[in-house]
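Take a look at the structure set out below.
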Amino acid sequence: MVYITSWDEFVERSVQLFRADPESTRYLMKYRHCDGKLVLKVTDNRECLKFKTDQAQEAKKMEKFNNIFFTLMARGPEADISEVTGKEQTDAQPIKKGRGRKQ
């Protein structure tokens, strides 16, 4: 069990682990409200990678990580993940101008 301190290294090694054995690789997310800690774990029963954080800013990074794994699982391990970003959901929302009700 390895706790990786660098977010970029965790994502890179997790993607490599999934591409090496997509059938047995799984991804787990655990949040402890009492501690305010989020733990992400990727394992293939031989190697286990973990990332732990208590920072609220890491939520956007976790969303991007989810999108990367959803893309790999849906399109296959050889899918191009360079186009995957966490911005697709926010671009679809209309931009509000001003406050109050329309007259």
Just checking: which of the strands (runs of 3 or more DSSP E) contained wholly in the stretch 1-93 hold 1 or more residues that are modelled with pLDDT of 85 or more, of a type in the set (A, V, I, L, M) and open to solvent by 90 Å² or more (accessible area, probe 1.4 Å)? 26-32
What are the residue pairs meeting all of these: first residue in the stretch 6-25, first residue over 11 Å from VAL42 (Cβ atoms), second residue of a type in the set (A, V, I, L, M, F, W, C), Cβ atoms under 8 Å, and 6 or more apart or on different chains? TRP7/PHE51; ARG19/LEU72; PRO22/LEU72; PRO22/MET73
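The values are calculated or read from the model by the stated rules, or taken from the named source; none is laboratory data. In this text the structure is predicted, and so the values were computed from the model without any measurement. Cβ sites come from the backbone with ideal geometry, for glycine too, and all protein chains shown count toward neighbours. These accessible areas exclude ligands, DNA and RNA; they are computed on the full protein's heavy atoms, side chains included. Shrake-Rupley method; radii C 1.70, N 1.55, O 1.52, S 1.80 Å.
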